[in-house]
Amino acid sequence: MSDNINKYFDQVAAFQKLWTDSFANMAGTWSQFSPDSPPVEEMRKMRGGMLQVLAQTWDEYMRTPQFMEMMTASLNGALDLKRLARDGMNRMHEQLENPSKEDVDDVLLAIRHVERRLLDRLEGLDDRVANLNEKIDKVDQRIAKQENAIEQRGQTSKPETQKAAATPRRRTGAEH
C-alpha cells in the first residue's frame, strides 16, 4: 500500500514540476519583449510564445512513462468501474426477476441462429423446387411429344379408314 502512495506522490510531484517549469518558461518568454514595440503586436508575440512553451512542455510531459502509466491506470480504473456497474445492474435484474442485457443478447443470438437455419433450409427448398420444375417441364415436353405422335397417327389412319369405307365390298357366295 505504501508503494502505491509513494508512486502517487511521485506522480503529483512530476505534475507539479511540469507546471512550475511551464510558468518559468513563460516568464522567460515575457522578458524577451521590449517596451519599444507596440502593445498589440507585443501581446500577440507574448501569447504566441506562451502557447508555444505550454505546447512543448505538455508534449514532453505526455511522452513520459509516468504519464503513460497514469493514463493506463486511469483507463483500467474506468473499465473496472464499468464492469462493476454492469455486474451490479445484472444482480439487481436477477433480484427483481427482470431480464438483463445479457439475457436479451442471448435471446437475440438464439433468434439469429434459428433465422440462419431457416434461411439455409429455404435455400435448400428453393433448389429442390427448381429441380422439380425442371422435371415437370421435361414430363410436359414428353407428354406434348406423345400427343403430337398420337395426333399424327390419327391423321394418317383416317384416310386409310375412309378409303376402306369408300370401296365397295365384294360379296361372297355365302352372303347371297
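The values are calculated or read from the model by the stated rules, or taken from the named source; none is laboratory data. Remember, it's a predicted structure, so these values are computed and weren't measured experimentally. When we count neighbours, we look across all protein chains shown, and the Cβ atoms used for this are built from the backbone with ideal geometry, even at glycine. For accessibility, only protein heavy atoms count, side chains too; no ligands or nucleic acids. Shrake-Rupley method; radii C 1.70, N 1.55, O 1.52, S 1.80 Å.
Listed here are the residues, each with its yes/no results for (1) among the polar types (S, T, N, Q); (2) touching a residue at least 60 places away in the same chain (Cβ under 8 Å); (3) open to solvent by 100 Å² or more (accessible area, probe 1.4 Å).
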position	(1), (2), (3)
ASN76	yes, no, no
LEU79	no, no, no
ALA85	no, no, no
ASN90	yes, no, no
HIS93	no, no, no
PRO99	no, no, no
ASP105	no, no, no
LEU109	no, no, yes
HIS113	no, no, yes
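When every residue of the stretch 8-24 is checked against the conditions, none turns out to be part of a loop (DSSP other than H, G, I, E, B), at pLDDT below 75 and exposed (fewer than 11 other Cβ atoms within 10 Å of the Cβ). Would it be correct to say that GLN52 is under 30 Å from VAL12 (Cβ atoms) and open to solvent by 100 Å² or more (accessible area, probe 1.4 Å)? So GLN52 passes the test.
Residues of the stretch 40-81 being closer than 11 Å to LEU18 by Cβ and among the hydroxyl-bearing types (Ser, Thr, Tyr), which ones? Residues satisfying the conditions are THR57, TYR61, THR64.
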